[in-house]
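Below you'll find the structure, written out as structure tokens, and then a few comments.
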Amino acid sequence: MATHVATNVAKRLIPLLDRVLIQKAEAVTKTKGGIVIPEKAQAKVLRGTVVAVGPGSRNQKGELVPLSVKVGDQVLLPEYGGTKVELEENNEFHLFRESDILAKLES
């Protein structure tokens, strides 16, 4: 269902220039043994999935420089940064500049 929501958002929200729309991975709230982890003790979520990408930035000659990430890529995010965007059904997304994304993760 989350993929369906992300697809709908990608159709309606198109990032500009070198911005990338990310849906962060869910935080782990329970251990394998079923113990609930308090919110303050949960690790920060530093992974996400690319939902939408802008066309890219322009170089000094005015040529379009395409982004190195594409929709569906798993990425590693910085601990801080990005702009939180809340859309339909309280789904939370984050806008990052491509240069803020730390790495692409292999599946």
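Potential lengthening of the chain between residue 64 and residue 46 amounts to 3.6 nm, from the contour at 0.36 nm per residue minus the alpha-carbon distance. Other residues whose C-beta falls under 15 angstrom from the C-beta of residue 57 contribute a net charge of 0, scoring Lys and Arg +1 and Asp and Glu -1.
Charge tally around residue 69: other residues with Cβ under 14 Å, Lys/Arg +1 each, Asp/Glu -1 each, net 0. Counting charges near residue 81 (Lys, Arg +1; Asp, Glu -1) among other residues having Cβ under 10 Å from its Cβ returns a value of -1. Taking packing as the residue-averaged number of other Cβ atoms within 10 angstrom, the listed peptides 46-52, 101-107, 66-72 run from highest to lowest as 46-52, 66-72, 101-107. Judged by the ratio a/c of the largest to the smallest principal axis of the C-alpha gyration tensor, region 63-107 counts as prolate, that ratio being 1.5 or greater while a/b is larger than b/c.
Each reported figure results from applying straightforward, stated rules to the coordinates on display, with no laboratory input. What you are looking at is a predicted structure, and each value in this text was computed from that prediction instead of being measured. Note: ideal-geometry Cβ built from the backbone for every residue, glycine included; neighbour counts use all protein chains shown.
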